[in-house]
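One structure is given below, encoded as structure tokens.
No value in this document is a laboratory result; all are computed from the given coordinates. Please read these numbers as outputs of a predicted model, since none were measured by experiment. Glycine also receives a Cβ, built like all others from the backbone with ideal geometry; neighbour counts cover every protein chain displayed.
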């Protein structure tokens, strides 16, 4: 009873967790409210996300989706580099040049789709937070 009361007070007055990202990827609890664990408890200084409503699960799913879309964008950038190397090493052969051009076009389309989808997920999840 007392611990529940103390936890409620901490949760009420504590600021949501903040912090950096790893290589530009958001944390899985980016859109979920949480609090920083006090110094006198185990795991001091870490973030303790709070999943209190069913809608919080959808916010976690949105964060995972955002992570996956960002990974897709990185893969598209890698394919742009790969297509550029193919284009340079094609030595003017029409088949190799067309294949490299198609790789570049597909990678750029994938990059645009991934960036657009990430923007939509971030905007939508930010509205529901």
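Extension gain, residue 54 to residue 120: 0.36 nm times the residue separation minus the Cα-Cα distance gives 21.6 nm. Report note on the peptides 66-73, 89-96: ranked by the mean count of other C-beta atoms within 10 Å, highest first, their order is 66-73, 89-96.
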